Structures are given as structure tokens and as C-alpha cells.
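Colleague: I have a structure here, written as C-alpha cells, and I will follow up with some questions on it.
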Amino acid sequence: MYKSYYPKAAEIDHQWMLVDANGQTLGRLATRIAAILLGKHKPTFTPGVEMGDYVVVINAEKVAVTGTKTHSKLTEKMYHHHSGYPGGLKSVNLQTLLRTHPDRVIRAAVWGMLPHNKMGHHIIGHLKVYAGAEHPHSAQNPQQVV
């Protein structure tokens, strides 16, 4: 009989990874970050178990957007959120969001690639995104990735 490997909580080692978003494409960057957050880069990956690492993203304001209609994508791609009140739907385009809150662009792209359940909500908390090159997580000694 073959038994599946199920890691214990003491066996899971969470590392800190540093990702520089300067000049990288938004979608490709988000897939790499989602894989690291889920732990798919580890040989002991088990679905349904939080195996992933913490990810610190710097230079979020310098992320690139590509496609056949790059300039129109900046104005036509919309991000929506609701305040919870009647008529409280707010919409903002990609260009404005990159200018005002670039961390929300990367967070929304990564969230779309994570499972939308309790585990996904917990994992998205391991993502730290900063617009500039400085971050307060130098004490964790993050490893440079990509």
C-alpha cells in the first residue's frame, strides 16, 4: 500500500523571498509570485497544505504591462471595489491605479491566481508589496528571486 506524504507543521520551513518588479511583465510576475506563495517550487509540495514562502515585492511602480493594445490596456483595464453601501461601486483604470497605489495592481493579479478560500486568504497575507526599492523586512534576510 502506498501512503501519501503529509508534512507536519514542524517540518514546514517558511523562507523570505525578494522579488524586484522593475521592468517585469505583470502577468508573468504574478504567476511566479503565486507559485512561491503556494509552495509549488518545493519538492515537498502538498496541495491543501500551506507550504509556501513569504514574498517581498519591491519597485511595484515600475512593473510593465504588455499586449497587443498596451496603451489602450492602461486606460481600458478597470479595477472595481465596493464600499458595502448602496451605490458604492468604485472603478479605477490601470493607469491611475499604477500612479496612485501600484501595490494594489500586483496584489490583485496574484490574488486572481490563488485559491479563493480560507487558505488563499491566509496565503495572500504572506505577500508584501512596496512601490519603491526600500522595504522594512531586511531583518528576515530575504533571498533574491528573479
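Colleague: Yes or no: region 129-139 includes at least one residue that is surrounded by 15 or more Cβ atoms within 10 Å (Cβ to Cβ), under 18 Å from the mean Cα position of the chain (by Cα) and within 18 Å of Arg28 (Cβ to Cβ).
Modeller: Yes - at least one qualifying residue is present in region 129-139.
Colleague: Is region 79-98 home to any residue that is surrounded by 16 or more Cβ atoms within 10 Å (Cβ to Cβ), touching a helix residue (DSSP H, G or I) at 6+ places or on another chain (Cβ under 7 Å) and in a strand (DSSP E or B)?
Modeller: So far as region 79-98 goes, no, none of its residues is surrounded by 16 or more Cβ atoms within 10 Å (Cβ to Cβ), touching a helix residue (DSSP H, G or I) at 6+ places or on another chain (Cβ under 7 Å) and in a strand (DSSP E or B).
Colleague: Please go through (1) at negative phi; (2) over 16 Å from the mean Cα position of the chain (by Cα) for Gln24 and return the number of the only condition it doesn't satisfy.
Modeller: (2) is the only condition that Gln24 fails.
Colleague: Filter region 32-58 down to the residues that are among the β-branched types (Val, Ile, Thr) and under 22 Å from Glu134 (Cα atoms), then identify the one that is nearest to the chain's Cα centre (by Cα).
Modeller: Here the residue is Ile33.
Colleague: Now for a separate question. How about region 1-39: which of its residues are loosely packed, with under 10 Cβ neighbours inside 10 Å and at pLDDT 95 or above?
Modeller: Once the filter is applied, which keeps residues that are loosely packed, with under 10 Cβ neighbours inside 10 Å and at pLDDT 95 or above, region 1-39 yields nothing.
Colleague: Please determine, by comparing only the residues of region 43-57 that are surrounded by 16 or more Cβ atoms within 10 Å (Cβ to Cβ) and touching a residue at least 60 places away in the same chain (Cβ under 8 Å), which one is farthest from Val110 (Cα to Cα).
Modeller: Ranking the qualifying residues of region 43-57, first place goes to Glu50.
Colleague: Right, something else. Within region 119-146, track down each residue that is over 25 Å from Leu98 (Cβ atoms), part of a helix (DSSP H, G or I) and in contact (Cβ under 8 Å) with a residue 60 or more places away in the chain.
Modeller: Correct list: Met119, His122, Gln140.
Colleague: Give the residue, chosen from Leu74, Leu29, that is among the hydrophobic types (A, V, I, L, M, F, W, C), part of a helix (DSSP H, G or I) and within 18 Å of the chain's Cα centre (by Cα). Explain how you work it out, then say what you get.
Modeller: Details: Leu74 fails: within 18 Å of the chain's Cα centre (by Cα).
So the residue among Leu74, Leu29 that is among the hydrophobic types (A, V, I, L, M, F, W, C), part of a helix (DSSP H, G or I) and within 18 Å of the chain's Cα centre (by Cα) is Leu29.
Colleague: Looking only at region 52-60, decide whether some residue is assigned to a loop (DSSP other than H, G, I, E, B), at pLDDT 95 or above and of a type in the set (D, E, K, R).
Modeller: Looking for residues that are assigned to a loop (DSSP other than H, G, I, E, B), at pLDDT 95 or above and of a type in the set (D, E, K, R), one finds at least one in region 52-60, hence yes.
The values are calculated or read from the model by the stated rules, or taken from the named source; none is laboratory data. Treat the numbers as computed from the prediction; the structure is a model and nothing was measured. Cβ atoms come from the backbone with ideal geometry, glycine included; neighbour counts cover every protein chain shown.
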